[in-house]
1. Roughly speaking, what is the centre-to-centre gap between the stretch 106-168 and the stretch 208-250 when only Cα atoms are used, to the nearest Å?
2. Which of [x] 27, 50, 22, 1; [y] 28, 57, 14, 0; [z] 29, 62, 9 is the computed P(r) over Cα pairs in 20 Å bins from 0, in percent for the structure on display?
3. Based on DSSP, what percent of beta bridges with both residues in the chain are antiparallel, to the nearest 5?
4. List the residues whose amide H sits under 5 Å from the amide H of Met45, counting only those 5 or more places along or on another chain, with H placed 1.01 Å from N in the peptide plane.
5. Pull up all non-local amide H partners of Val107: gap of 5 or more, or a different chain, and H-to-H distance under 5 Å with H placed in the peptide plane.
6. Are there DSSP H segments in the chain that both extend 20 Å or more along their axis (alpha-carbon positions) and score a mean Kyte-Doolittle hydropathy of at least -0.5? List them, or say none.
7. Over the Cα atoms of the stretch 207-307, how large are the radius of gyration and the largest Cα-Cα distance (Dmax), in Å?
8. If you build a Gaussian network model of the chain, linking Cα atoms that sit under 10 Å apart, which residue out of Glu63, Glu297, Glu327 swings the most?
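Each reported figure results from applying straightforward, stated rules to the coordinates on display, with no laboratory input. It should be emphasised that the depicted structure is a prediction, and the values quoted were computed from it without experimental measurement. Every residue, glycine among them, receives a Cβ derived from its backbone with ideal geometry; neighbour counts consider all protein chains shown.
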Amino acid sequence: YIAIMKLSIALLSTLGSASAFSGSFSGSALKASSNGASMEMTTGMGVNGFGRIGRLVTRIIMEDSDCELNAINAGSATPDYMAYQYKYDSIHGIAKGTVEVDGDFLVLNGEKVMTSRCRDPKEVGWGALGADYVCESTGVFLTKDSAQAIIDGGAKKVIYSAPAKDDSQVIVVGVNDEEYDGSENFISCASCTTNGLAPMVKAINDEYGIKEALMTTVHAMTATQAVVDSSSRKDWRGGRAASGNIIPSSTGAAKAVTKVIPSLQGKLTGMAFRVPTIDVSVVDLTCKLEKETTYEEICAHIKALSEGKMKGVLGYCDEPLVSTDFESDSRSSIFDAQAGIMLNPTFVKLVAWYDNEWGYSSRVVDLMKMCAAVDAKASA
């Protein structure tokens with residue numbers, strides 16, 4: 001069937017004063033194709049947080065004709081400062097369309113968006129606002145117990161824009177989408193690096209089999225790091241200046257891949273180097289293969305997938321590009337054919353770029369839309 005769904009996207013943060021808000025909420029059409037019948041229903045959505053990811057998710061929603069943004073609860077930020085944060089971005093440039101302020105409303109591309117501030121997500125009143133699907137992007141409510149407050153506020157489902165801190169379901173778009181059947185209320189989109197690695201891992205493992213592998217991500221700076229030397233009792237190196245050092249770091253991204261590709265449990269792990277650039281990262285996957293092949297065959301296989309069933313998630317590049325060339329690229333993982341090397345028919349190093357901000361935020365929006373479409377099909 002074809003499900004035509006109206007999406008009300010409300011972006012809400014848990015930081016700031018606990019004030020409620022009201023406003024009118026309507027939706028726009030989302031088409032999800034299936035088997036021939038047709039139906040129409042209204043589905044509301046929300047995102048909890050207006051930080052780095054929340055603002056980019058907002059931009060992506062505003063550029064998506066399948067979505068409609070109706071409310072933002074942005075911590076302590078005033079509407080005029082929110083407009084400034086939304087409009088100007090040091091990496092992704094000036095936002096498309098117009099950005100204005102009208103009282104408590106942001107007016108984006110002529111569309112009025114209510115802004116407000118709530119500390120307890122239960123007090124937002126998601127159900128009353130018509131926000132059934134809520135993306136949690138504050139980084140605070142990443143367990144079923146803590147995110148239950150969002151459900152208690154009337155939401156039906158919570159999608160984390162970060163790795164879960166418990167056993168919440170993990171879905172990496174393009175890798176294990178089929179595992180979402182609507183029965184889970186809490187779904188994690190994993191991390192930017194897991195999304196940057198998993199599509200390439202799936203492509204290689206499905207075709208050649210991976211005996212064992214190590215991953216290294218050369219990762220851009222993030223807001224969790226210090227601009228100049230600071231202090232970190234948990235991670236001494238992590239307390240050093242991100243703006244002037246290459247910093248070895250741990251990451252759970254590779255092990256997280258085994259949550260969405262269970263056959264690789266015990267076969268894949270990794271580490272990170274944080275480097276002084278402000279966006280775009282790259283993964284290096286060094287692996288032993290079960291099946292002998294050539295590097296040329298691997299490139300041809302990934303290129304075919306990037307143009308076929310994994311298009312939009314897995315990319316392919318055979319040009320001599322550098323990190324800034326991938327800024328604002330919406331794909332999860334862009335394979336670099338010129339950067340990889342092969343030692344023998346079963347031992348290979350593969351490289352893939354990813355915009356750890358824009359690419360990941362694009363998948364968050366995709367996951368919200370996918371969950372809504374699957375749930376609509378299940379209830380039809």
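1. 29 Å
2. Checking each listed value against the structure points to [y].
3. Values: 38 of 82 bridges.
About 45 percent, rounded to the nearest 5.
4. So Met45 has HN proximity to Ser8, Ile9, Ala10, Asp132, Tyr133.
5. Those lying under 5 Å, H to H, from Val107 are Glu100, Val101, Asp102, Val113.
6. Details: long enough: 192-208 (25 Å, -0.12); 358-379 (32 Å, 0.25).
The answer, listed by residue number, is 192-208, 358-379.
7. 16.8, 48
8. Maximum fluctuation in the GNM of the chain, among the listed residues, is at Glu297.
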